[in-house]
1. Among the residues of region 88-95, is there at least one that is closer than 17 Å to Leu165 by Cα and open to solvent by 90 Å² or more (accessible area, probe 1.4 Å)?
2. Looking at region 75-99 only, could you name the residues that are under 15 Å from Leu175 (Cβ atoms) and either of a type outside the set (Gly, Ala, Ser) or in contact (Cβ under 8 Å) with a residue 60 or more places away in the chain (or both)?
3. With the condition kept exactly as written, say whether any residue in region 115-131 is open to solvent by 20 Å² or more (accessible area, probe 1.4 Å) and in contact (Cβ under 8 Å) with a residue 60 or more places away in the chain.
4. Every residue in region 71-81 that is open to solvent by 40 Å² or more (accessible area, probe 1.4 Å) and either of a type in the set (D, E, K, R) or over 16 Å from the mean Cα position of the chain (by Cα) (or both), please.
5. I'd like the residue in region 132-145 that is out of contact with any Leu (no Cβ under 6 Å at 6 or more places or on another chain) and open to solvent by 60 Å² or more (accessible area, probe 1.4 Å) and, out of all such residues, is nearest to Gln35 (Cα to Cα).
6. What residue, among those in region 38-51 that are open to solvent by 20 Å² or more (accessible area, probe 1.4 Å) and touching a Ser or Thr at 6+ places or on another chain (Cβ under 7 Å), is farthest from Ser162 (Cα to Cα)?
7. Against the definition (of a type in the set (A, V, I, L, M), in a loop (DSSP other than H, G, I, E, B), without any contact (Cβ under 8 Å) to a residue 60 or more places away in the chain and open to solvent by 50 Å² or more (accessible area, probe 1.4 Å)), how does Val58 come out, yes or no?
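The values are calculated or read from the model by the stated rules, or taken from the named source; none is laboratory data. None of these values were measured; they are calculated from a predicted model. Don't worry about glycine lacking a Cβ; one is built from the backbone with ideal geometry, like all the others, and counts go over all protein chains shown. Accessible surface is based on the protein model in full, side chains and every heavy atom, while ligands, DNA and RNA are left aside. Shrake-Rupley method; radii C 1.70, N 1.55, O 1.52, S 1.80 Å.
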Amino acid sequence: MEPTRAYPLFGGAFSAIIPCGAIDVSDLRPVPDNQEVFCHPRTDQSLIVELLELQAHVQGEAAARYHFEDVGRVQGSRVLQVESVQPLNLESLALRGYCQEAWVLSGKQQIAKENQQVAKDVTLHQALLRVPQYQTDLLVTFNHPPPDNRSSLGPENVSPPSWNLGDFEQLVTSLTLHDPNIFGPQ
């Protein structure tokens, strides 16, 4: 993928700038309709964009924590540790006309990958963009597990650099809505 071109998401209803070299996981395996999932070609990093039902019973920072804990439960995390929760400046978002509040949470979860017994500490960065007019919580998650210590053997193993918070921020701020019909009849 081109690093500076908007990539269509959810059948073109949204678009965002996805990091160079990202692999669309839906090309490899089924992905739920409410998710777009991308993985790094060489690391275990992933980026997930999810359209979720608005959790109106939680507000502000508590909403970001709610989604972090919910993701941890779904992934079977044994340990959940929130390190920081900060409001996101709405003016920096392409979705600013729709988004009423936004939060960025950083934390750690202890997760075992599929078919593995040993859990690893994974750093997660999540952006929660709340779009109440469409009854939607839009969650963007950057999974950043520790390096797997594989060594490169030569120049043929040259790969794109690991993703960083700048890549995550670019995805979040560039996320653009093109077709509100994705949310169903209003």
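1. To start, the set of residues in region 88-95 that are closer than 17 Å to Leu165 by Cα comprises 88-89, 92-93.
With the extra rule that they be open to solvent by 90 Å² or more (accessible area, probe 1.4 Å), the set shrinks to 89.
Within region 88-95 (the criterion being closer than 17 Å to Leu165 by Cα and open to solvent by 90 Å² or more (accessible area, probe 1.4 Å)), the answer is yes, since at least one residue qualifies.
2. As a first pass, look at region 75-99 and keep what is under 15 Å from Leu175 (Cβ atoms): 88-99.
Passing the criteria: Leu88, Asn89, Leu90, Glu91, Ser92, Leu93, Ala94, Leu95, Arg96, Tyr98, Cys99.
3. The answer is no; no qualifying residue exists.
4. Arg73, Gly76, Arg78, Val79, Leu80, Gln81
5. Applying the filter and picking the extreme gives His144.
6. Leu51
7. No: the conditions fail for Val58.
Per-residue answers, yes or no, for (1) more than 26 Å from Arg5 (Cα to Cα); (2) acidic (Asp, Glu); (3) modelled with pLDDT of 95 or more; (4) in a helix (DSSP H, G or I):
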{"site": "Gln81", "(1), (2), (3), (4)": "yes, no, no, no"}
{"site": "Val85", "(1), (2), (3), (4)": "yes, no, yes, no"}
{"site": "Val104", "(1), (2), (3), (4)": "no, no, yes, no"}
{"site": "Asn115", "(1), (2), (3), (4)": "yes, no, no, no"}
{"site": "Val122", "(1), (2), (3), (4)": "yes, no, no, no"}
{"site": "Asp148", "(1), (2), (3), (4)": "yes, yes, no, no"}
{"site": "Glu156", "(1), (2), (3), (4)": "yes, yes, no, yes"}
{"site": "Phe168", "(1), (2), (3), (4)": "no, no, yes, yes"}
